[in-house]
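Engineer: Here's a structure for you.
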Amino acid sequence: MGGVSYNYRARNLSGRLITGKVEAGSPGEAIALLREKNLFVVKLSPVRSLNIDLDRVFKRRIAVRDLAVFCRQFATMAGAGIPLLQCLNILAGQTENKKLRGILVEVAGEIEKGKGLSESFRGYREHLPEIFINMLVAGEVSGTIEQTLERLAVHFEKDHQLREKIKSAMAYPAMIAGMALLSVLVLITLIVPIFADIFAQSGAVLPLPTRILMGISGALTGYWYLFLAGMAGLFVAARQGFASESGRKFVDRLLLQIPVVGPLATKTIVSRFSRTLATLLRSGIPLLRSLETVEKAVGNSIAAKEIAEAMRNIKEGERMAPVLIKSKIFPPMAVNMIGIGEESGALDSMLEKLAAFYEQEVEAMIARLSSIVEPLLIAVVGILVGFIAISIYFPLFGLSGAIQGGGMPGGMP
């Protein structure tokens, strides 16, 4: 399930000491779950285990979709005049995300103790995006929590829509690739071995493609468990490697350099940069503080490094556009629009237009990629199946000729 088991000692409403175990995604969530049972934690410690901590290997933040729904509902309730504490209790009771539910219960408890909204959420930075925390701070300072939540809802909704469009566009090619891989595996592991036995009994000298195919088939059928173990180990190692800073930089740099994928990744980065920065600036957060948040939210370590470099130059008195023009990621058109926004004093509006433009560009590029990838995958499948068919039928033709000529190769009658 990805949760962690915790040993706990807690007191109930009558003051009786109770011990036991609880499974949760974090210590805060464990405390929240116990509090729902009217148990007040005295001591909490994770159960020691020799198993791989899958929650740490596959650690994820709260989904953008869940954040969008939460912010939209929170903004609606706050706009209706419902107190913040009551809003949080209502939302905690109806959210489907267990991790978010635990956080909301904990935050409600902190607010009951007199803490502010942003201060209470600040303890959950590992689960919540930086833009959420920073905008709550700005909303509290300016007294515009409702408008801030509305902007956050729009921001997360746009982000979710873009992600879903990319996923939807890639779903069909991924399905074709999966079906193709399954078909090839069935042919190699179930059909080819039948012909391998026939060829072995005939004693015929097999052509090179057939020998290669028989070797692959024999390896997969004879050592399938090693193949599965290797794939699982490679998958876990890749996830852990990508989670490291060096691994993430390698992947991010590679994505930007791949001929077809690179331009799509660049447009997505510019779109996310523009949308996030516009949202923060509209909330009254200063440029440098906004860029600090954007650096963490842009989703690419190479782009984040360039944003950090831009921040250093801006601190020295430069404008943002002349700094970004040196970047290898931001296109000249995007930089020019940012420059116009800076000169006119309407940077947030220009960034919103820039985000909308590049979101449309991403959608159009995804559609073009889908139209290219689908026939390409079909061609690859055709080549693989054709190779298997030729590798099998060539020896069969030889055997058929030998039979018609009066005998099987290798002395068989």
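The values are calculated or read from the model by the stated rules, or taken from the named source; none is laboratory data. What you see is a predicted model, and the numbers here were worked out from it, not measured in a lab. Note: ideal-geometry Cβ built from the backbone for every residue, glycine included; neighbour counts use all protein chains shown.
Engineer: I'd like to check which helices (runs of 4 or more DSSP H) are fully inside segment 205-271 and have at least 2 residues that are polar (S, T, N, Q), surrounded by 12 or more Cβ atoms within 10 Å (Cβ to Cβ) and at pLDDT 85 or above.
Structural biologist: Working: elements: 208-222, 224-243, 245-257.
The qualifying helices (runs of 4 or more DSSP H) are 208-222.
Engineer: Of everything in segment 167-223, what is farther than 30 Å from L264 by Cα and of a type in the set (S, T, N, Q)? Give them in sequence order.
Structural biologist: Selection gives S183, T189, Q201, S202, T210, S217, T221.
Engineer: Inside segment 281-357, counting only helices (runs of 4 or more DSSP H) that do not spill past its ends, which hold 1 or more residues that are among the polar types (S, T, N, Q) and over 29 Å from the mean Cα position of the chain (by Cα)?
Structural biologist: Here the list reads 301-315, 332-344.
Engineer: Looking only at segment 61-93, how many residues end up being touching a residue at least 12 places away in the same chain (Cβ under 8 Å) and either of a type in the set (D, E, K, R) or under 14 Å from I111 (Cβ atoms) (or both)?
Structural biologist: Of the residues in that region, 14 qualify.
Engineer: Same structure again: Going by the conditions given, is F242 aromatic (F, W, Y), free of Cβ contacts under 8 Å to residues at least 40 places away in the same chain and out of contact with any Pro (no Cβ under 7 Å at 6 or more places or on another chain)?
Structural biologist: The answer is yes for F242.
Engineer: Sort out which residues of segment 84-97 are under 17 Å from F121 (Cα atoms) and not in a helix (DSSP H, G or I), and write them in order of number.
Structural biologist: T95, N97
Engineer: Now for a different question. Residue check, E157 against (1) in a helix (DSSP H, G or I); (2) charged (D, E, K, R); (3) within 30 Å of R35 (Cα to Cα), all met but one. Which one?
Structural biologist: Just one mismatch for E157, condition (3).
Engineer: If we keep just the residues of segment 134-149 that are within 14 Å of Q73 (Cα to Cα) and either crowded, with 19+ Cβ neighbours inside 10 Å or in the same structural domain as K115 (by TED's automatic domain parsing) (or both), which is nearest to the chain's Cα centre (by Cα)?
Structural biologist: Ranking the qualifying residues of segment 134-149, first place goes to L149.
Engineer: If I go through segment 362-398 residue by residue, how many of them are within 30 Å of Q201 (Cβ to Cβ) and among the hydrophobic types (A, V, I, L, M, F, W, C)?
Structural biologist: The qualifying residues number 11.
Engineer: Residues in segment 61-68: is at least one more than 23 Å from Q161 (Cα to Cα) and either of a type outside the set (V, I, T) or outside any helix (DSSP H, G or I) (or both)?
Structural biologist: no
Engineer: Would you check if K165 is surrounded by fewer than 17 Cβ atoms within 10 Å (Cβ to Cβ), farther than 29 Å from V362 by Cα and either in the same structural domain as E292 (by TED's automatic domain parsing) or within 28 Å of the chain's Cα centre (by Cα) (or both)?
Structural biologist: Against the criterion (surrounded by fewer than 17 Cβ atoms within 10 Å (Cβ to Cβ), farther than 29 Å from V362 by Cα and either in the same structural domain as E292 (by TED's automatic domain parsing) or within 28 Å of the chain's Cα centre (by Cα) (or both)), K165 does not qualify.
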